[in-house]
1. How would the stretch 706-764 be classified by its alpha-carbon gyration tensor: rounded, prolate or oblate, with rounded meaning a/c under 1.5 and the a/b versus b/c comparison settling the rest?
2. Based solely on its DSSP helices, what 222 nm [θ] is calculated for the chain when runs of n ≥ 4 H residues each add -39,500 (n - 2.57) and the sum is averaged over all residues, nearest 500 deg cm²/dmol?
3. Mind grabbing the accessible area of S227 for me, 1.4 Å probe, Å², rounded to tens?
4. I'd like the FRET efficiency for L522 and A352, computed as 1/(1 + (r/R0)^6) with the beta carbon distance as r and R0 of 56 Å, rounded to 0.05.
5. Trypsin sites (Lys or Arg not before Pro), restricted to the stretch 472-545: which are DSSP loop and have at most 12 other Cβ atoms within 10 Å?
6. Seen from all sides and averaged, what is the projected area of the convex hull of the Cα atoms in the stretch 590-738, in nm²?
7. In the structure displayed, which of K170/K253; K170/K734; K222/K253; K616/K734; K477/K500 lie more than 22 Å apart, Cα to Cα?
8. Could you list the square roots of 5 times each eigenvalue of the Cα gyration tensor of the stretch 28-121, that is, the equivalent ellipsoid semi-axes, sorted largest first and rounded to whole Å?
Amino acid sequence: MEIDLEKVTPMMAKYLETKEEYKDCILFYRLGDFYEMFFEDAETVSRELELTLTGKSCGLDERAPMCGVPYHAVDTYLNQLVEKGYKVAICEQVEDPKLAKGLVKREVTRVVTPGTNMSAAGLDESRNRFLMSIYSAASRIGMSFCDISTGEFFLTECEDESKLCDEIQKLSPVEVICNDTLMLSFPAVGALKDRMGFALYEPGDWYFDAQDAEKTLLKHFKVASPSALGITDFLSGSIAAGALLQYLYDTQKIPLHHITALHPYTGSRYMLLDSFTRRNLELCETMREKQKRGTLFWVLDRTRTAMGARMLRGDIEQPLVEEDAIVARLDAVEELCKKAVDRDEIREYLNAVYDLERLMARVSYHTISPRDMIALRNSLNMLPPVKQLLAGMEASALRGLYEGLDELADLANAIEETIIEEPPLTIREGGIIKDGFDPDIDKLRKAKTEGKTWLAQLEAEERERSGIKNLKVRYNKVFGYYLEVTNSYKDMVPDDYVRKQTLANAERYITPRLKELEDMVLNAEDKLSTLEYDAFCALRDSLEANLLRIQESARVIARLDVFASLSLVAEQNHYVRPKLNKRSTIEIKGGRHPVVERMIPNDMFIDNDTFLDNKKNCISIITGPNMAGKSTYMRQVALISLMFQMGSFVPAREASLCVVDRIFTRVGASDDLASGQSTFMIEMNEVANILKNATPDSLLILDEIGRGTSTFDGLSIAWAVIEHISNKKLLGAKTLFATHYHELTELEGKMDNVNNYCIAVKEKGDDIVFLRKIIPGGADKSYGIQVARLAGVPQEVCDRAAQIVLQLLDNDITEKIQQIAIPAGGKKAEVHTYDDVELGQMSFFDTTSDADILEELKELEITTLTPLEALNTLYHLQSKLKNRYRKD
């Protein structure tokens, strides 16, 4: 709305001038103890935060719409607005109102956006809050991302929209800035914005000028050339990084000293995990509830520090591909397992370590509180004993941590000497600095508490010196403190008294000593607060000068925390150290799903073996009914490979694993594909992505390919996909392929690198029991009707389905498929059912053979049994069961 500045009050004119500079922000304008909003901003905030909308006279015909929030509670309201996607400009009073001539000077001190929100309520201690910058060039896409709450700053590049979207979903940024052409070139980013809910801004192409971006980076990191930063091969990435840094300067308006390094990386350093795989494997959040519980992160996270939790999350999302680095991590975890007492002691020390990275960000922002200082001191005091325990470690990674850990004793001592043990919340309250730190502070503190005593002592001294018995020290607001002498004694006044005022019956005097005491007593509180504030700021500045030292020690502590967490989990969950092989094989004996086994009580999880290579065991086709455990089995193989490459022990009796460059998963519609938006097109997009990007060193998890369309089309697509993967000239990747198309089992006889496996099932009449065991061979039934019965589908529906299936079997295509599948001289694939499972194992699940015992239990009159009779009856039933299941 257009407002005539000449008509409004001077204060409102200044507000409108400031608002004009920050049109895209809600302006929080500091007036006394409140932040006020006016006009459209007031209406927006009132609506979004459900605050009362009032009005303020401003010189116009109508009162200006207004609402406000108290300054001491601003973080709560600020966080709510930022979470809704708004930018908020904070306009503060930058001069003391007591000293101001006219209007108090005000300036915007910070612009808070979703990616720059430092509010404690807006930060999750176990995950980063990334601001991301994307620069779309003709040949490459540059990406940079920064967490200003920790100072972490990265850049990378990719070639196409698919990899860009994968990176966005991996990082989960809360805010993205980009150049103007990005949205036109890559519309999928807009779709991601709607689905993930991040804020997306186009600050202007001038931010992405190559020369300006380079200058910004070189100036910030104080280097002469891009080569000093290691970014000469990242032209697009460095433009994105420079734009991001400039955006931070413009919004945060501080030097950002806590951003001390820029870390370039390429995708080849880490295992590639696309967005589908991250979601399907539920690495850090579940597909449905988006919660931590039920994820791999939930299982592995026994970290004691927030820094360690964030690093562990990063390790899970970016497994390594460099063999030496994987082995180094495994060595560290193994040594901590062997030295469990030392590990547990380290964890006790780490429990007292606060989030050093985010504390350092507060130092850089000058928002660190006295209590934060004590938390920092307590954390730094834990470093020497931790280093002492690391001194006895031999693994190369742990030796590196020992050498890289700065004990920071000088900084801990500085805080110890300066700040009291239980300081107030804010630095303006005073009462922060220890006694004995500064003589001037001690003197003023004494003056504040003992000023009246000093004045009484002066009065007594002056009476004795002058001989004036009724001399008194008095005070008023006009003259301050003075010595009052009645007229009868004025001839006895010493020469150094200076007359201040004459009354009818008395004279008032001052002396240099009284003036000095007056200055100390009356101004002690203000001076004391100023001196304490200055001492606190000096300590804060010394910490800021040592930011890099503290950040490096924080990273060491985080990595040690991760190693200790993985070691503890391995010990408690009975994991083993996997062996690294160079034969390109995945050999797992007694493998378990790390998450599902934690969700099942009493160690009831059934383990399974796996063997995959690039030769005769390239593709495993897995058949069996729904609910039997196919998906769990395939996911556990993928998770075991991922855990190995992040440097963790794995849930198995034994494992020999090769490094895989990528893991791809394609999960069926019943597994909540794309959050309930399961379509055949999405399924085919996933398959296309896999076939285009997989390599012979990849691991593929394919679940029910082709089931989203007609039977013939789906079977044909699944068949063709297997043929493509099995062809070593085209792909030849290690693959687990689950399907309900039993016709695909015929491929075992057609292709020499395809093998059939199925889930063992015990069938007894119309009932089935899932044995959860993977055995060689293919299943000849899906047991869909039995599964429907288990799920509670009405009996009449199940009976009718059984009739219909018999009719459909007359038109079964299996025989036709077999004729296509079996080449001249080829063998027909074996089909195994539950009869192939050892009867002793099956009998464990067989409850029908125990009908007599169940009947006997039903007929027992428990209320009439004596304790001795009950014990004898229980012994009798137990003996019958033991005799029945005793092995020969």
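The values are calculated or read from the model by the stated rules, or taken from the named source; none is laboratory data. Since the structure is predicted, the reported quantities are computational estimates derived from the model, not experimental observations. All Cβ positions, even for glycine, are placed from backbone atoms using ideal geometry, and neighbour counts span all protein chains on display. Ligands, DNA and RNA are excluded from the accessible area calculation, which covers all protein heavy atoms including side chains. Shrake-Rupley method; radii C 1.70, N 1.55, O 1.52, S 1.80 Å.
1. Oblate shape, in that a/c is at least 1.5 and b/c is the bigger or equal ratio.
2. Helix contribution divided over all residues of the chain: -14000 deg cm²/dmol.
3. Probe radius 1.4 Å; accessible area of S227 about 80 Å².
4. 0.80
5. K477
6. Hull-based average projected area comes out at 9.4 nm².
7. In this structure, K170/K253; K170/K734 exceed 22 Å between Cα atoms.
8. 22, 19, 11
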